[in-house]
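The values are calculated or read from the model by the stated rules, or taken from the named source; none is laboratory data. Just so we're clear, the structure is a prediction, and the values are computed from it rather than from any experiment. Every residue, glycine among them, receives a Cβ derived from its backbone with ideal geometry; neighbour counts consider all protein chains shown. Just so you know, the surface numbers come from the protein's heavy atoms only, side chains and all, with ligands and any DNA or RNA stripped out. Shrake-Rupley method; radii C 1.70, N 1.55, O 1.52, S 1.80 Å.
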Amino acid sequence: MNVRRAAAEDFDAIAELWRQLDHEIPPPTHEGPADVEQELSEVRDIIDSEIALVAEGDDGTPVGFALARRRAPGFGTLTDLYVARDARRSGIGTELMRRVLSAFRAADIHHLDLDVMASNQVARSLYARWGLKDEVVIMTGAVAALEEKLGSQEAGSFGSIHVQSDDLSAVEQAVRQFVPRLPGGSRGSLVAPPRSGWTTVYDDVCDRNPEMLRRLARELSDRMGSVTLLLGVEREELVRMILFERGRIVDEYLSVPEFYGPLPPGDVVGLAANPTVVSRLTGAEPDAVRRVARTAPSPADLPPARDLLAELAGVMGIEGAETGWADAPELTGSVRIDRS
């Protein structure tokens, strides 16, 4: 094996090896097919003016190459490193990398980066053994698939608010006062008559936007001076419960605490239901709350969100939590507020 600086006359051999690389490891889907002529033009530029190395087998045939650029003062990029299949596991890739590092050091380059396909496990494992680490992860996806997954702003979200009061008229007046203040233009609300001491509120904009559901629940708790319970499903994957007392949050539960992003450990713990508080305010058995209000790193580790919501509502004696405004049943005595 011999590794040396590439010269202009090595272009054809390196270009052929580059084509093997391109065929073996297609470009990322978010970049589309490679423009071969443009890519090979850049290869030629690197051979002419940057760092280009070629590895030859015992018979002098080129079997690998490495290309690198100076990117900024003190920084460089390894653009390509490839060894033909038949010549692998013989130390050629490692020797090419050593020579790149030597050239970088001679050029006063102290840090390098490189791109590698996430699916190229062999190369990633090799680079990790060399001491390289992930700094930036590029995530890709098809627009159509993402649109289907995400749908509208909060597809698959719905919720209900349960006010610990038998005074349906007072709850209705509060809903009429506060809902018009919520951004998003609610098309209507429904106030269901008391069941087991809880008056239930459903609202269109609160189904579409869980943050508005939270705001309305807080306002109703503050206005009524009552314990108020928010129960909802978000994005068909999460269950959220919030207990308010006189407008203050006294307990909150989210089935997947870090679904929306990493949280400090204390916040993760804070999103697990407190059975003692839930029991005090709703009359639920603490052991039943502890059993049902489970948390997990992923929705896949829990029952379907709607089933989990039904279980949680059941242990607290709440009726009507399994639906949102659009599907809420109009019980005798319900008050529908139409704003369309």
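Around residue 88, under 14 Å between beta carbons, what's the net of Lys plus Arg minus Asp minus Glu among the other residues?
Result for the neighbourhood of residue 88: -1.
Per residue, the convex hull spanned by the Cα atoms of the stretch 21-139 measures out at 127 cubic angstrom.
Helix 210-224 and the longest principal axis of the C-alpha atoms of the chain enclose an angle of approximately 30°. Think of the chain as having a plus end and a minus end, set by charges on the Cβ of Lys, Arg, Asp and Glu; of 46, 186, 82, 186 sits farthest toward the positive end of this dipole. Around the Cα centre of the chain, unit charges on the Cβ atoms of Lys, Arg, Asp and Glu (plus for the first two, minus for the last two) sum to a dipole of about 1240 debye.
Amide hydrogen proximity for residue 188: with H placed 1.01 Å from N in the peptide plane, the residues at 5 or more positions away or on another chain lying under 5 Å are 204, 205, 339. What percentage of all Cα-Cα pairs in the chain are separated by more than 29 Å? So the pairs more than 29 Å apart make up 56 percent of the total in the chain. In the context of the full protein assembly, residue 138 retains an accessible surface of approximately 120 Å², using a probe radius of 1.4 Å and ignoring ligands and nucleic acids. Convex hull volume per residue, computed on the Cα atoms of the stretch 248-340, equals 159 Å³. For residue 212, the accessible area of its heavy atoms, probed at 1.4 Å with every protein chain present, is near 20 square angstrom. Where does helix 92-106 land angle-wise versus the long Cα axis of the chain, in degrees 0 to 90, nearest 10? In the chain, helix 92-106 runs at an angle near 90 degrees to the longest axis. Rounded to whole numbers, the Karplus 3J(HN,Hα) couplings from phi for the stretch 109-117 are 9, 10, 9, 9, 9, 7, 9, 9, 5 Hz, using 6.51 cos²θ - 1.76 cosθ + 1.60 with θ = phi - 60°, and x at Gly and Pro.
So if we plug the beta-carbon distance of residue 140 and residue 8 into 1/(1 + (r/R0)^6) with R0 = 56 Å, what FRET efficiency do we get, rounded to 0.05? Rounded to the nearest 0.05, the efficiency is 0.95.
Across the stretch 17-138, C-alpha contacts under 8 Å between residues 6 or more apart give a mean separation that, scaled by the residue count, equals a relative contact order of 20 percent.
Given a 1.4 Å probe and heavy atoms of the protein chains only, how would you sort 119, 189, 279, 102, largest accessible area at the top?
Highest to lowest solvent-accessible surface, that is 119, 102, 279, 189.
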